[in-house]
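Student: First the structure, then my questions, so here it is.
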Amino acid sequence: MNRTDKIELVEQLSTRLAETPFVVFADYRGITVPQVTEFRRRIRETGGEYQVIKNTLLRRAVEGTDKEGVGPYLSGMTGVVFSGEDAIATAKSLRELTKDLVKEEKFVIKGGWFEGIALKPTEVAKVADLPSREELLSLLLRTLQEGPRQVLGVIQAPGRDLLYLLKNYERKLEESAG
């Protein structure tokens, strides 16, 4: 790779890192080619991407940006997982895909980056515990619907209470007549 290609790649990486809300750096030592192929396919399904990038190029890409805190993670063999728009879906998929590989120490998470914060390896796993975009949207919808539902209940209460009162009075009259 000549110098101009490297400069272009560093610029692309800088742009990609700036746009991506969730990035994970991992040591992929010991993973077989079929495992990597399956891993890439499954990460792509969530809108993410997995790449192996030279550490020197990554260091240059994060130089002078807010992501300089990930510098310590850029040593040894480094594979990078970039999330798509839904960072939580990528994090959940990553946790599911790597749980066996992590146990066998074939895929070791070095650290990551999530929404402006450098993450330690243990913190990367916690991102997957956050609610997904769909869960947050359904929670928002429930919250928005709750106000009108309560107002409707208050509006209907006097009529409902009057109906119960009349039904009880009717039952009392029937009992006293019978």
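Bear in mind that the values in this text are calculations on the coordinates, not laboratory data. Since this is a predicted model, take the numbers as computed values, not measurements. Heads up, the Cβs are rebuilt from the backbone with ideal geometry, glycines too, and the neighbour counts pull from every protein chain shown.
Student: Any idea what the relative contact order of the chain is, in percent, if you count C-alpha pairs under 8 Å spaced at least 6 apart?
Tutor: 26
Student: Another one. What lysines could a cross-link reach from residue 126, if we take a straight Cα to Cα line under 29 Å and drop same-chain neighbours fewer than 8 places away?
Tutor: List returned: 54, 67, 92, 99, 103, 106, 110.
Student: What dipole magnitude, in Debye to the nearest 20, does the chain give about its Cα centre under +1 on Lys/Arg Cβ and -1 on Asp/Glu Cβ?
Tutor: The calculation lands at about 380 debye.
Student: Still on this structure, I have one more. Restricted to Cα positions, what overall size does region 3-130 have along the principal axes? Three whole-Å values, descending.
Tutor: For region 3-130, the Cα extents along the three principal axes come out at 38, 31, 26 Å.
Student: At a Förster radius of 45 Å, what calculated FRET efficiency corresponds to the Cβ-Cβ distance of residue 4 and residue 151, to the nearest 0.05?
Tutor: Once rounded, the FRET efficiency stands at 0.10.
Student: Take residue 33, project a point 7 Å from its Cα along the Cβ direction, then tell me which residues of region 71-99 have their backbone nitrogen under 16 Å from it.
Tutor: none
Student: To continue, here is another question. Starting from the Kirkwood radius over alpha-carbon pairs of region 131-178, derive D by Stokes-Einstein at 37 °C in a medium of 0.692 mPa s and give it in µm² s⁻¹.
Tutor: 237
Student: Helix-only mean residue ellipticity at 222 nm, the chain, DSSP H runs n ≥ 4 weighted -39,500 (n - 2.57), per residue, nearest 500. What is it?
Tutor: That calculation yields -20500 deg cm²/dmol at 222 nm.
Student: Picking from 90, 122, 78, which is most flexible by a Gaussian network model of the chain using Cα springs under 10 Å?
Tutor: Residue with maximal mean-square fluctuation among 90, 122, 78: 122.
Student: Figure the gain on full extension for residue 77 and residue 108 (residue separation times 0.36 nm, minus the Cα-Cα span) and round it to one decimal in nm.
Tutor: Result for the pair: 10.1 nm of gain on full extension.
Student: Related question: Give me 123, 105 sorted ascending by neighbouring Cβ count inside 10 Å, so fewest comes first.
Tutor: Placing the least packed residue first, the sequence is 105, 123.
Student: Could you tell me which helices of the chain pass both thresholds, a Cα extent of 27 Å or more along their own axis and a mean Kyte-Doolittle hydropathy of at least -0.5, with helices taken as whole DSSP H runs?
Tutor: Answer set is 133-177.
Student: Could you check which residue among 58, 97, 137 shows the biggest mean-square fluctuation in a GNM of the chain with a 10 Å Cα cutoff?
Tutor: Taking springs between Cα atoms under 10 Å, the residue moving most is 137.
Student: Give me 130, 139 sorted ascending by neighbouring Cβ count inside 10 Å, so fewest comes first.
Tutor: Placing the least packed residue first, the sequence is 139, 130.
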